[in-house]
Amino acid sequence: MAQGFDLNNQRREWSRPPIGGANTDSHVLDTMTNPQVREWVERNWPLQYGQPSSWQGKYRKALQLDETFDMRVLDYGAGFGFDALSYALNNNSVALADISPSNLRAATRVLLAMEFIPSEIIVVRDGWPHFNAQPFDIFHSSGVLHHTPYFREVLQRASMLLSPWGEIRLMLYTDHMWRLATGQEPPPMDVPPWTNSEFPRFVRFCDAVGDYADWYSVEKVNHFVGDFLTVTNWEYLREDNGYAVVTLKRSRL
Ligand SMILES: C[S@@+](CC[C@H](N)C(=O)[O-])C[C@H]1O[C@@H](n2cnc3c(N)ncnc32)[C@H](O)[C@@H]1O
C-alpha cells in the first residue's frame, strides 16, 4: 500500500459520493423500488448537471457526454452512475468500476431503473492490476484519479485494455486548486503531496470526505504518463481553473 493511503478507509468514506456537489450515502437507494429510483434520478439530474455544477455546460461538453455514441465505456469511480447513465442514453455500453461496493450497487440500480444493464460491475482493488475488465474504447474517470496515489498505475492498466483508437477522459483537480485551498504554491510535481504540511487543508478544502487528494497540470500529467500517453486536450472547467478535463490517447501501440 502506498504511504499515507488506506484503501479500506477510502472505501468507507467514498460510500458518500457527491450528487450536485453534496455527499450522499449511496445506501439511500437500497430500499427504493425501481420507479422510486427513477424518480430520484429525475429529481437529482438537474442538481448534478445544472448550475453551478456544470459550469455553463462545460462539464458535459469537455467530457463529450453528449457526443459519444456506440462505444464501450468504462466509468472508473462511477459514484451514483450519472455519467454512466449519460453514456448509456447514447447507446454506449457501460461498465461500472469503483472502490465502493455500495456505490456500485447504487450505480447499477440507477442504470437498471432507467432500463439499461451495465456490461460489467468491477470492484477496484488495492495494488496492481487494480482492476480487470473487458476491452473498452473510452476510459472515463471524473473526480477520481486525484484521490489515489496510483495515478500512473491505473492509467497503465487502462491503456492495456484501451482499444487502439480509444480515449482516456479525466476530470482532475489542478495546481490552481492547491493555491486556492492553501494560498501557497503546490509542492513540486515529483514530491508526494502528503509530505507537505498543507496536505490536510487541501484535501478537506476539495471534498467533505476522503483523506487523499493530489493536484495536476499538463506538465504533471506528462511527467507521470507522458511515456505511454499523449495529451490531446486540456480544458479548465471553473473560472478559477480549479478543475480541468484532460483527454489522452495511447502513444505506444
Ligand atoms: C468525487 S466521486 C465522483 C463520482 C462520479 N464519477 C461523479 O462524477 O459524480 C469519486 C468516486 O470515485 C470512487 N473512488 C475513489 N477512489 C477510487 C479509486 N482509487 N479507484 C476507483 N474509484 C475510486 C469513489 O468511491 C467515488 O465513487
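The values are calculated or read from the model by the stated rules, or taken from the named source; none is laboratory data. Given the structure is predicted, the values throughout are model-derived calculations rather than measurements. As a convention, Cβ positions derive from the backbone with ideal geometry for all residues, glycine included, and neighbour counts pool all protein chains shown.
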| task | Return the residue satisfying two criteria in turn: it lies in segment 115-156 and is in contact with a His (Cβ under 7 Å, 6 or more places away or on another chain) and among the β-branched types (Val, Ile, Thr), and of such residues it is surrounded by the most Cβ atoms within 10 Å (Cβ to Cβ). | result | VAL154
| query | Any chance segment 23-36 includes a residue that's small (Gly, Ala, Ser), near the ligand (Cβ under 9 Å from one of its atoms) and either over 28 Å from LEU248 (Cβ atoms) or modelled with pLDDT under 95 (or both)? | reply | yes
| request: Could you check how many residues of segment 28-79 are in contact with a strand residue (DSSP E or B) (Cβ under 6 Å, 6 or more places away or on another chain) and either basic (Lys, Arg) or over 18 Å from PRO18 (Cα atoms) (or both)? | output: 5
| task | Out of the residues in segment 1-47 that are assigned to a helix (DSSP H, G or I) and among the basic types (Lys, Arg), state the one that is nearest to VAL245 (Cα to Cα). | result | ARG11
| request: Name the one entry in MET177, MET189 that is more than 22 Å from SER53 (Cβ to Cβ), crowded, with 17+ Cβ neighbours inside 10 Å and of a type in the set (A, V, I, L, M). | output: MET189
| field | Cross-chain or 6+ apart pairs with Cβ under 8 Å, segment 125-139 first and more than 13 Å from the ligand (Cβ to nearest atom), then in a loop (DSSP other than H, G, I, E, B) | value | GLN134/SER119; PHE136/MET71; ASP137/MET71; ILE138/THR68; ILE138/MET71; ILE138/ASN92
| Quick one: which of GLU219, GLU167 is out of contact with any helix residue (DSSP H, G or I) (no Cβ under 6 Å at 6 or more places or on another chain), of a type in the set (Asp, Glu) and under 25 Å from ILE122 (Cα atoms)? | GLU167
| request: Would you mind stating whether SER93 is of a type in the set (Gly, Ala, Ser) and crowded, with 18+ Cβ neighbours inside 10 Å? | output: yes
| Quick one: which helices (runs of 4 or more DSSP H) sit completely within segment 48-117 and have at least 2 residues that are within 9 Å of the ligand (Cβ to nearest atom) and within 17 Å of the chain's Cα centre (by Cα)? | 82-89, 101-113
